[in-house]
Structure formats: C-alpha cells, structure tokens
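Each value in this text was obtained by applying a stated rule to the coordinates, not by laboratory testing. Just so we're clear, the structure is a prediction, and the values are computed from it rather than from any experiment. Glycine also receives a Cβ, built like all others from the backbone with ideal geometry; neighbour counts cover every protein chain displayed.
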Amino acid sequence: MNRPGPEPRASVLECGSPLPLSNATGPTQSARGLAHSKTSRPAEPLLPSVLLCLLCALPILAQTPTPAPQRPKLPAADSMKISLLADKAEFFLGENILLHYRIENTGKEHLGIDVGGDYRGGTRANRFKVTVVDAAGRELPDPAPTQHDMGGLSPLGGAKPGAAWFENVWLLRYRTFDQPGDYTVTVFHDLGWGERQATDPRMVTLKLRLKMPNEAEARQVIANMEKAKSNPGSTWGTKGQPAADFSLLKFPVYRPLLAEREGK
C-alpha cells in the first residue's frame, strides 16, 4: 500500500522572498541527482526556513521609529535665580575659601536640579567649571588639571517655590592663589539643564580680595582651622560650613607658627 507523500514545506515566498526553501515534493534526490539512490539525502529541516522568515521580517522591524530621548531644557528665566556668595569679601592667603553656589526657585512650581556623580577619585566636583582672573586679567592656574572621575552620589535635588538649594565650591581646589590682590571668580554648573548657552544664568561671578596675613592674623587663621572639621560631610542642598585643610598654609608666615603648634 502506497503511503501519501510528505506535506508541502513553507518557502521564503511566504515571507516575501521568491526563492524556495526546498525542492518540490516527491521522492528525495541523491547526491548525483538520481531518484531512489542509496546515497539519497533526507528533506531539509524546518529550522533554516524559520530563520529566513525572521530575516525577512527584520527590514520591517527596522522601519519602526524609536522615540528620540528628551533633551535637557533650561528652565524659564523667571523661574530661578542663581548667585555666587561668600561669607566675607576679604580672605587671607592660606584660608580654605568656601563659596556658596545658590539656586533659588523664583517660579510657581518645583525646580528640579541634577548635581553630584562627579567627584569620586578626584579632588573636587568636576561638573563645576571655575575660572579666576586677577586685576590684570591673567587667569590663575589649576592646581590639579588631571582629575579622575569615578562617579559618586547624585542627590535628587530641587527647591520648592521660594526656597533655595546650595552647592559648595571649595575655591582652592580649582585655582591656585599665590599673591595678594583683587580677583574675579566665575563659576558654572549645568544643573542637569543641558549645555552652557551664550547668555546663561547658571554662569555667575564674584569679586574677592586676598591679603597676606601678619603674624597675629596668621595665628587666627590656624586657630579657626583647628576649630573646623577636616570633612564637614555632605550638606545635601544646605549652606556648607568651613573645613580645615592645613596643606594650604604654605606661606612663610605660617611656618614658625606650625612648628610651634607641632611642638606643643
């Protein structure tokens, strides 16, 4: 009794290609093309046809548009006010100068701020861009131009209407002061609002005067450092406090006083 022949197999034609996936139904052919040979090979497996159908579908899938990522947007000018503050207008050389980068919400909705994630492995928060020029317009050098950035904590910052968020700027980690004089400090942070623009409220300036201390004033600088912590910890949007850094006391006026302190 004759058995029915094999079921017809799918071809690439079914998924958009004119090429068949197998020979016509009927007896299999041998390697030399002779029917019913002892060297005949079985019908081709189904897996290649499935793979080819998937390949045919790729161009269709590739045509599906992918939504473009939303670009950071600078808030409206009347919704925020940014300023650079210092606890005093005049400092002594050797003091660990702390500046306050203040972001005030002057709008009617919550103001979201993206900071952090930029300090681990380095000496400072690298998303801050700081420049300082003297009275003659000369730019002060960077004490550590090569920085390592392995990320760090990134708080979900923000300010309610009428409130403010503060970020600390430890000025001497960005620029080196060797001489007394008048200086103009410029600070920028992206705050998660995109790249810097030509006229940008995130770029703020401050004028400072630095003096060389006499012996009595140098003693007071050292005394203030002894009261401060070497690491005040994270402030998370609040105004920072002075921190001790005795490595900044490199000027000759401090040397005998530091030796005296170590001898006690």
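Go through the range 89-103 residue by residue and turn each phi into a ³J(HN,Hα) via Karplus (6.51, -1.76, 1.60, θ = phi - 60°); whole Hz please, and just put x for glycine and proline.
For the range 89-103, the Karplus-derived couplings read 8, 10, 10, 9, 4, x, 5, 8, 6, 10, 10, 10, 8, 9, 10 Hz, x marking Gly and Pro.
Tell me which residues come under 5 Å, amide H to amide H, from Met80 once H is placed; ignore anything under 5 positions away on its chain.
Residues meeting the amide H criterion: Thr106.
Can you tell me the Rg and the Dmax, both Å, for the Cα atoms in the range 147-239?
Gyration radius and largest Cα-Cα distance of the range 147-239: 17.1, 47 Å.
For Gly157, which sequence-distant residues (separation of 5 or more, or a different chain) have an amide H within less than 5 Å of its own amide H, given hydrogens modelled in the peptide plane?
Amide H to amide H, under 5 Å and 5 or more residues apart or across chains, Gly157 pairs with Ile113, Val115.
Taking a 21 Å limit on the Cα-Cα distance, which of the listed pairs Lys81/Lys108; Lys207/Lys250; Lys129/Lys229; Lys129/Lys160; Lys129/Lys211; Lys207/Lys227 fall beyond it? Each step should come with its number before you reach the end.
On the way: Lys81/Lys108 13 Å; Lys207/Lys250 23 Å; Lys129/Lys229 26 Å; Lys129/Lys160 26 Å; Lys129/Lys211 25 Å; Lys207/Lys227 27 Å.
Beyond 21 Å: Lys207/Lys250; Lys129/Lys229; Lys129/Lys160; Lys129/Lys211; Lys207/Lys227.
Test of the criteria: in the range 195-261, which GluC sites (Glu not before Pro) are in a DSSP loop and have at most 12 other Cβ atoms within 10 angstrom of their Cβ? Show your work: numbers first, answer last.
Numbers: sites: Glu195, Glu215, Glu217, Glu226, Glu260; in loops: Glu195.
Filter output for the range 195-261: Glu195.
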